[in-house]
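Everything on this sheet refers to the single structure shown next.
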Amino acid sequence: MDIHTKERFMDKNAAPSSSEISDLLGDQAVRRLNEFEHFLNSRYELIRELKFPFGNNYGWGYKYSHKSKMLCYLFFEKNSFTVTLSIGKPELKKLYQELENMLPKTQTLWEKRYPCGEGGWIHYPVENGDELKDIEKLIYIKKTPKH
């Protein structure tokens, strides 16, 4: 799926409001976003920032960090969102131990990742709760939670 085909907030000079974000996401995606943020808040010392990262191709989204470690970005889309995260060399062993237990979509996205060193970046369009669970597993792999 091409990240450029989705409707997003692409005006760098106009940060979206909370209500504009909710309207674009739609009810189901807002529920998934709330579930995702509950997962993050309950396990990490979470910092959420509204950002327009990576040039003009992704649009506005939330950057989630644990202290100073970036966990992921979440880009707002029409009735959905995409989570973008990197897996580095230190996490590869743990990733490959878990990957076979993940969804075929997750495995394919890893195979087709944007390479960076021995690891890489995944752009994961989250369409349902099972995919969200795999994103949570990937974040666990990236940064072991506090409990």
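Quick look at the values:
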| read-out | value |
| --- | --- |
| Rounded Å value of the spacing that divides the Cα centres of region 67-90 and region 99-147 | 10 |
| Candidate aspartates and glutamates for bridging to LYS105, where Cα separation is under 15 Å - those fewer than 8 sequence places away on the same chain excluded | ASP2, GLU127, ASP130, GLU131, ASP134, GLU136 |
| Acute angle (nearest 10 degrees) that the helix 129-142 long axis makes with the longest principal axis of the chain, alpha-carbon atoms | 60 |
| Per-residue HN-Hα couplings for region 83-93 [Karplus 6.51, -1.76, 1.60; θ = phi - 60°; Hz; x = Gly/Pro] | 9, 10, 8, 10, 10, x, 3, x, 9, 5, 4 |
| Local electrostatic count at PHE52 - Lys and Arg +1, Asp and Glu -1, tallied over other residues with Cβ under 13 Å | +2 |
| Length-normalised contact order for region 8-142 - Cα pairs under 8 Å, 6+ apart - percent | 23 |
| Likely footprinting exposure, THR108, THR82, fewest C-beta neighbours within 10 Å first | THR108, THR82 |
| In Hz, Karplus ³J(HN,Hα) per residue of region 110-124 (6.51, -1.76, 1.60; θ = phi - 60°; x = Gly, Pro) | 5, 4, 9, 4, 7, x, 8, x, 7, x, x, 10, 10, 10, 10 |
| Lysines whose Cα lies under 26 Å from that of LYS146, excluding same-chain neighbours fewer than 8 positions away | LYS51, LYS63, LYS67, LYS69, LYS89, LYS93, LYS94, LYS133, LYS137 |
| Options [x] 1.00; [y] 1.45; [z] 1.51 - which one matches Cα Rg over 2.2 N^0.38 Å as calculated here | [x] |
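Every number in this text was worked out from the coordinates using simple rules, so none of it is lab data. Not measured: the values here are computed from a predicted model. Note that we place each Cβ from the backbone using ideal geometry, even for glycine, and neighbour counts take in every protein chain shown.
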